[in-house]
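Encoded as structure tokens, the structure appears first; notes follow it.
The values are calculated or read from the model by the stated rules, or taken from the named source; none is laboratory data. Please read these numbers as outputs of a predicted model, since none were measured by experiment. As a convention, Cβ positions derive from the backbone with ideal geometry for all residues, glycine included, and neighbour counts pool all protein chains shown. What goes into the accessible areas is simple: the full protein's heavy atoms, side chains included, and nothing from ligands, DNA or RNA. Shrake-Rupley method; radii C 1.70, N 1.55, O 1.52, S 1.80 Å.
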Amino acid sequence: MKIPYFLKNHIADSERENFETDLVQDNLRRGKTLAVVTIGFETVLIIINLVTLILKVDNRFAFDAYLVMYSIMIMINIAYLLVIKKFNDRNKIYEKKKQLELFLIGYITFMMVWGSVVSLMDQRLYGQLMTFMINMIVCSVVYLLDNKKIIIPYVTSVLILTLALPYCQNSSDVLIGHYVNLFVFIIISWLASRIIYHNYCENFISRILLNKSNSLLEKEIEENKK
């Protein structure tokens with residue numbers, strides 16, 4: 001059976017260390033922007049939450065629970081920024097590469113699980129899964145993980161959501177619609193993450209080949225001069 005092109009891994013063993021270091025460095029850099037945006041967005045939601053609480057807009061809205069979730073998200077992202085601030089040098093990233101990989105996987109898993117929990121809370125009032133879907137697609141596009149590592153946040157968040165959903169959503173029709181939409185959305189998100197990761201691998205290989213070609217060309221020029 002032919003393996004789809006976006007699931008193939010063409011990175012040579014000789015370049016594996018450099019590739020993994022570059023990957024961690026790029027993920028930290030890309031995640032920094034996302035963390036700052038997330039902190040700002042959650043701060044706005046906290047303000048809206050407090051305003052609606054003061055005005056007593058809807059008694060069904062679990063203000064305290066949402067306030068706790070927003071606050072946790074802000075604190076985790078602040079901690080994320082503090083951690084990556086220490087690793088702004090490639091040599092430091094290379095030395096702690098494995099630990100940083102685990103840190104990134106844990107952070108991405110938290111983001112997706114947080115989306116699952118908030119979506120379960122939303123069933124009481126809104127009955128939608130938008131928070132989970134947004135967090136999943138954003139993490140799938142922003143962060144680059146190989147096929148094995150991406151499974152951890154996906155399986156963890158999806159299991160929590162799918163298993164707990166029947167206890168939070170009383171309508172069987174809505175529940176069936178949620179499961180169908182989730183199935184389609186998860187497949188699309190996963191495929192998008194694989195295509196983006198594959199393109200990153202292809203760009204890395206192209207850079208390596210270009211550097212080798214430049215080195216050979218420089219040697220030929222030096223030999224011709226001699």
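Values for this structure:
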| quantity | calculated |
| --- | --- |
| Solvent-accessible surface (1.4 angstrom probe) belonging to CYS139, in square angstrom, nearest 10 | 0 Å² |
| Acute angle (nearest 10 degrees) that the helix 147-168 long axis makes with the longest principal axis of the chain, alpha-carbon atoms | 10 degrees |
| Count of Lys pairs (Cα-Cα under 19 Å; at least 8 positions apart or interchain) in the range 55-127 | 6 |
| Taking the chain and dividing mean pair separation by its residue count, relative contact order in percent (alpha carbons under 8 Å, at least six apart) | 25 percent |
| Residue among VAL158, GLN128, VAL138 farthest towards the positive dipole end of the chain, charges placed on Cβ | VAL138 |
| Extended-chain gain in nm, criterion 0.36 nm per residue less alpha-carbon gap, LYS86 and ILE134 | 14.4 nm |
| Residue-averaged [θ]222 nm for the chain, counting only DSSP H segments that reach four residues, each worth -39500 (n - 2.57) | -29000 deg cm²/dmol |
| The range 57-131: relative contact order in percent, alpha carbon pairs under 8 Å with at least 6 residues between | 35 percent |
| Percent carbon-and-sulfur accessible area, the chain, ignoring ligands, DNA and RNA, probe 1.4 Å | 65 percent |
| The chain, accessible area per residue, ligands and nucleic acids excluded (1.4 Å, Å²) | 59 Å² |
| For the range 100-226, fraction of C-alpha pairs farther apart than 27 Å, in % | 37 percent |
| Dipole of the chain, positive direction: furthest Cα of SER172, TYR80, PHE110, with charges on the beta-carbon | TYR80 |
